[in-house]
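The values are calculated or read from the model by the stated rules, or taken from the named source; none is laboratory data. Just so it is clear, the model here is predicted, and its values are computed rather than measured. So basically every Cβ, Gly included, is an ideal-geometry build from the backbone, and we count neighbours across all protein chains shown. Areas reflect the complete protein model, heavy atoms only, side chains present, ligands, DNA and RNA absent. Shrake-Rupley method; radii C 1.70, N 1.55, O 1.52, S 1.80 Å.
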Amino acid sequence: IYWNKIKKVNVVPAPLVVVIIGIVLNIVFKGTSFEIASVHLVQVPVVNSFSEFTGLFMTPDFSQIANPTVWTVAFTIAIVASLESLLSLEAVDKIDPYKRVSPTNRELVAQGTGNLICGLIGGLRLTAVIVRSSANVNSGGKTKVSSMLHGIWFLASLLLIPGLINSISLSCLAAVLIFTGAKLA
């Protein structure tokens with residue numbers, strides 16, 4: 001809460017400090033009664049080879065294409081994700097220091113295309129989220145390159161340091177999300 005008010009240290013983002021402190025405390029308390037249970041930590045798959053990485057991808061089960069429940073869930077997710085993206089887009093436009101207006105149709109087409117590709121390779125659906133977008137704006141991001149770099153850094157982290165990522169407690173991430181949400185509100 002007070003990190004950004006300290007002039008000498010505020011060049012390091014407060015959420016990064018929270019995550020680093022959480023990782024250090026997790027390592028320090030290993031083997032003690034204060035140890036965080038693995039169920040309360042981030043759990044990403046650790047891959048040791050390219051074949052293990054490609055093994056994470058799955059193809060869709062097209063035998064369920066006629067299942068009405070699948071269509072109901074897909075439609076619900078599409079509507080909710082689209083609304084979330086549009087609300088995020090509106091919020092980011094409001095905090096954009098350059099007061100630019102983003103094209104909503106392009107956002108929805110990009111999201112639909114991305115979700116189609118994600119579904120075909122076994123990935124999770126994607127949507128614009130205000131936390132990532134506001135972090136990009138607050139960090140000085142001016143173009144869509146910041147979002148693309150965010151994704152590239154995220155993928156690189158998942159591939160290169162999954163053990164470290166698996167040391168992050170979910171409570172640290174929750175604290176960052178709650179604080180960011182309160183700040184945005």
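Values for this structure:
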read-out	value
Histogram of C-alpha separations across the chain, 10 Å bin width, %	8, 26, 33, 25, 7, 1, 0
Nitroxide proxy distance, nm - points 7 Å out along Cα→Cβ at Lys30 and Ile79	4.8
Relative contact order (%) - criterion: Cα under 8 Å, at least six apart; region: the chain	36
Rounded to whole Hz, the Karplus (6.51, -1.76, 1.60) HN-Hα couplings of segment 93-103, x for glycine and proline	4, 6, 9, 5, x, 8, 6, 7, 10, 7, x
Most mobile of Thr143, Thr69, Thr127 in a GNM of the chain (Cα contacts under 10 Å)	Thr69
Contour excess over end-to-end distance, with Cα ends at Ile20 and Leu184 and 0.36 nm allotted per residue	56.7 nm
With all protein chains modelled, accessible area of Leu120 [1.4 Å, Å²]	90
Of all accessible heavy-atom area on segment 1-157, the percent that carbon and sulfur account for (1.4 Å)	71
Heavy atoms of Thr32 accessible to a 1.4 Å probe, total area in Å² rounded to 10	60
Order by protection proxy (mean Cβ within 10 Å, highest first), peptides 93-102, 170-179	170-179, 93-102
Accessible area per residue in Å² at 1.4 Å probe, computed on the chain	72
Estimated distance in nm for a label pair at Ile121 and Ala174, the labels positioned 7 Å out from Cα along Cα-to-Cβ	3.2
Highest-fluctuation residue, Ile23, Ile77, Ile130 considered, GNM on the chain with Cα pairs under 10 Å	Ile77
Residues with amide H under 5 Å from that of Leu41, placed H, sequence gap 5 or more	Leu170
Value of relative contact order over segment 60-159, rounded to a whole percent, pairs C-alpha under 8 Å and six or more apart	29
Förster radius 45 Å - calculated FRET efficiency between Asp61 and Lys99 (Cβ-Cβ, nearest 0.05)	0.45
Top of Leu126, Leu86, Leu149 by mean-square fluctuation, Gaussian network on the chain, Cα under 10 Å	Leu149
Expected 222 nm ellipticity per residue - DSSP helices of 4 or more, -39500 (n - 2.57), all of the chain, to 500	-19000 deg cm²/dmol
